[in-house]
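The structure appears right after this line, and notes come after that.
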Amino acid sequence: MFKNKYWQSLFAITVCVASLLTASTAAAKQLTFIYIPLDNRPVCQNYVRQTMEAVGCKIILPPEKYIASHEHEGNPEKITEWLQTKAPKADAAVISTDSLLYGGLVASRTHHISRQQLNKRLQVLRNLSTVLPIRIYAFSTIMRTPRASQGRVEPYYYSTWGPTIFAYSELLDKADLGKLTAADKLRLQAIEKELPAEYREDWLTRRKLNQAINVELTRIARQGKFHYLAIGKDDNATLSATHMEARQLSLTTFEVPATTLQILDGVDQLGLLLLVRAYNEAQGLAPSIYPLYSPGVGAGTLPQFSDARLQDSVPQQIIAAGAKVAAKSTAADLVLALNTPPDGIVKDSTADENQFYASAANKKFIAQLSQLLQGRTPVSLADISYSNGSDNGFMHFLARSTDLGQLAAYNGWNTADNAVGYAIAQGLLAPYMQPKERQRLLQLRLIDDWYYQSNARRKISDELEKHDREAMKYELLQAEKPVLEYVTKQCQRMAKQYAITKNTQFTLSFPWSRLFEVDVSLKK
């Protein structure tokens, strides 16, 4: 059934001697985790729960109506009440502080909550370790600085003034670094005159408040109220307000060990990453990961929406998962294979270049992977050559050259940091999954990241733009049903072309009524 010797051995052990599924009796313990997600997007909620349930964990979430969705903000007071009075016993809790402070990720960017109210909610977080006498793994966000944004995920003025605000933030960062040129100063003055004062003040006030709250969260971590705190840098760049605020925050926390506090690139992957950290620590596991980059710029790649090169961000995420970096593949528990663009220039998966032909670098890397997949060490693939989807040429050639079912995990969604975090997390858990469960997670990610994001989404986006309906990409409204039917057929067509999904039955939905994400449901 499995060509890979590692998976053959694991399958035999699973079937014949269940008690030997892991190397120790501790790893056989069933764990229960309380989980407060950022919001109800699949990558933050459904996919996270499914991944942890695949290793036998019980994931307890607050009632759905209290969690932020496309239609409403989360309810911090109700979630807090649930935590304090109704949450069942668990081994640990992984908590989005954005949900308990603002009502979710989008609310953290758009709120008008007073400092007094936020201080009350901070006090709840300080007291949480007493109410829940278990390990608390918390994650927060530094507000993102997108170059542009559409839809309802930023303040209303951002759709018009987003590019100007981004340019303004670049100059603020340069000023903080003491690197403004004479031309920069003139540009800064021009923007301050051009950008309506009420918009600039609204944006700056919220950023300063959120930054102050993050400072307080680091103090709570220092006091030992959190077992571990991760602060994620949402979409940003090497010069941006997010980059500046992360730098300022790091200067006040440089003495805090990474076992207590980390500032990381990316946000949406943090829920799963921290659950895996909690799992590893509860089981007494200390796995090692060897990052293997495709030919070319590799580790020196600076992904879109990030201020850190992979050589810096990948080790940070490995540590966040409760693992360590291995010096060589033969000494690792997991090989993290990273498919990056040979020239280091990352584009969106909808780019014209993302075609179904493999480059020389693709073929060379695939040859390496094929050899590794025959060994004993699991291989988790982070396909980050493009943002927001898979590398068509690379994946097509890989699927035709080897059995994708040999992979421990596959991820190619959203930003490089998001995909890498998921690839680390799912890859580390893969040895403790039943083969069928691991296969389902592989199929789910291939359908979402490859078939939908890089192909179906691309085609429907082109059609909407062609008919001057680009706004519908961010708010489908009455077009949701026909668009869903179209992309479902496209994904089903692709699924039939590859052995791993040829007989897979699935449905798609648009949980946030936009093209950016789908929820893939596999039929049993």
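The values are calculated or read from the model by the stated rules, or taken from the named source; none is laboratory data. Remember, it's a predicted structure, so these values are computed and weren't measured experimentally. We place every Cβ from the backbone using ideal geometry, glycine too, and count neighbours over all the protein chains shown.
Taken over region 289-309, the criterion of being surrounded by fewer than 17 Cβ atoms within 10 Å (Cβ to Cβ) and either part of a strand (DSSP E or B) or not small (Gly, Ala, Ser) (or both) is satisfied by Pro295 alone. Just name the residue that is farthest from Lys502 (Cα to Cα) out of those in region 361-411 that are touching a Gly at 6+ places or on another chain (Cβ under 6 Å) and aliphatic (A, V, I, L, M). Among residues in region 361-411 that are touching a Gly at 6+ places or on another chain (Cβ under 6 Å) and aliphatic (A, V, I, L, M), the one farthest from Lys502 (Cα to Cα) is Ala361.
Apart from one condition, Leu188 fits all of (1) without any contact (Cβ under 8 Å) to a residue 40 or more places away in the chain; (2) part of a loop (DSSP other than H, G, I, E, B); (3) surrounded by 16 or more Cβ atoms within 10 Å (Cβ to Cβ); the exception is (2).
Looking only at region 311-324, decide whether some residue is over 28 Å from Leu177 (Cα atoms), surrounded by fewer than 24 Cβ atoms within 10 Å (Cβ to Cβ), free of Cβ contacts under 8 Å to residues at least 40 places away in the same chain and not assigned by TED's automatic domain parsing to the domain that holds Leu105. Within region 311-324 (the criterion being over 28 Å from Leu177 (Cα atoms), surrounded by fewer than 24 Cβ atoms within 10 Å (Cβ to Cβ), free of Cβ contacts under 8 Å to residues at least 40 places away in the same chain and not assigned by TED's automatic domain parsing to the domain that holds Leu105), the answer is yes, since at least one residue qualifies. Of the strands (runs of 3 or more DSSP E) entirely within region 408-524, those holding at least 2 residues that are aliphatic (A, V, I, L, M) occupy 519-522.
Rundown of residues vs (1) out of contact with any Lys or Arg (no Cβ under 9 Å at 6 or more places or on another chain); (2) closer than 28 Å to Val518 by Cα; (3) buried (at least 17 other Cβ atoms within 10 Å of the Cβ), yes/no style:
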{"site": "Pro62", "(1), (2), (3)": "no, yes, yes"}
{"site": "His72", "(1), (2), (3)": "no, yes, no"}
{"site": "Pro76", "(1), (2), (3)": "no, yes, yes"}
{"site": "Lys86", "(1), (2), (3)": "yes, no, no"}
{"site": "Ser108", "(1), (2), (3)": "no, yes, yes"}
{"site": "Asn119", "(1), (2), (3)": "yes, no, no"}
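Taking the stated definitions as given, is Ala221 part of a loop (DSSP other than H, G, I, E, B) and either small (Gly, Ala, Ser) or on the phi > 0 side of the Ramachandran plot (or both)? In short, no. For the residues Thr501, Thr507, Thr488, the requirement of being farther than 30 Å from Ile319 by Cβ, surrounded by fewer than 17 Cβ atoms within 10 Å (Cβ to Cβ) and either assigned by TED's automatic domain parsing to the domain that holds Arg277 or β-branched (Val, Ile, Thr) (or both) singles out Thr507. Only one entry in Asp176, Asp202 is over 26 Å from the mean Cα position of the chain (by Cα), under 28 Å from Met472 (Cα atoms) and part of a helix (DSSP H, G or I), namely Asp202.
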